[in-house]
Amino acid sequence: MASVNLAILIGNLGKDPELRYTPGGQAVATFSMATTEKWKDKDGKMSEKTEWHNIVCWGRNAEVANQYLKKGSPVYVEGRIQNRSYDDKEGNRRYITEVVARRLQMLSRRSESSGGSSDMPPVPEDIPETDDDLPF
């Protein structure tokens, strides 16, 4: 039986992306992202709850995220959910859930401080879009 592991998020960066490279030269960027749910409670009062997500980008997505995204930037992220563990500096086992981004889409223009006002380039997707396999 097939399975699906897909996360789609639209929110804002909680911090600037941190870019680093693996020993093999592969770019990897990490950042936090906030999504906020708003609703009216039974008394008609507006309420909201913010969830924080850890995002990991690889390759060209990592480089583009580092170049164009900053704290507060609105972004669309599509990827898979991954759970992993690591040992912290004190030797304690820590567990983390993160979204490994397959696709990023910036949802705003470059900031005024960067001197640009044109739309940012789209981030290339892993899978090229073609009409060759369509049955019609």
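The values are calculated or read from the model by the stated rules, or taken from the named source; none is laboratory data. Quick caveat, the model's predicted, so the values are computed rather than measured. Every residue, glycine among them, receives a Cβ derived from its backbone with ideal geometry; neighbour counts consider all protein chains shown.
If the requirement is being part of a strand (DSSP E or B), over 17 Å from Leu107 (Cβ atoms) and either of a type in the set (Lys, Arg) or out of contact with any Phe, Trp or Tyr (no Cβ under 8 Å at 6 or more places or on another chain) (or both), which of these qualifies: Glu48, Glu37?
From the options Glu48, Glu37, the qualifying one is Glu37.
Out of the residues in segment 1-34 meeting the condition of being among the polar types (S, T, N, Q) and not in a strand (DSSP E or B), tell me which one is nearest to the chain's Cα centre (by Cα).
So, considering only residues that are among the polar types (S, T, N, Q) and not in a strand (DSSP E or B), the one nearest to the chain's Cα centre (by Cα) is Asn5.
Anything in segment 72-94 that is surrounded by 13 or more Cβ atoms within 10 Å (Cβ to Cβ) and of a type in the set (Gly, Ala, Ser)? List them, or say none.
Gly72, Ser73, Gly79 - these are the residues of segment 72-94 that are surrounded by 13 or more Cβ atoms within 10 Å (Cβ to Cβ) and of a type in the set (Gly, Ala, Ser).
Filter segment 46-71 down to the residues that are surrounded by 13 or more Cβ atoms within 10 Å (Cβ to Cβ) and aromatic (Phe, Trp, Tyr), then identify the one that is nearest to Val99 (Cα to Cα).
Taking the candidates together, the pick is Trp58.
For the list (1) closer than 20 Å to Ile8 by Cβ; (2) out of contact with any Asp or Glu (no Cβ under 7 Å at 6 or more places or on another chain), I need the number of the one condition that Tyr86 fails.
Status for Tyr86: all satisfied but (1).
Out of segment 86-105, which residues are modelled with pLDDT of 95 or more and hydroxyl-bearing (Ser, Thr, Tyr)?
Within segment 86-105, Tyr95, Thr97 meet the criteria.
Please count how many residues of segment 51-85 are in a loop (DSSP other than H, G, I, E, B) and at positive phi.
Of the residues in segment 51-85, 1 are in a loop (DSSP other than H, G, I, E, B) and at positive phi.
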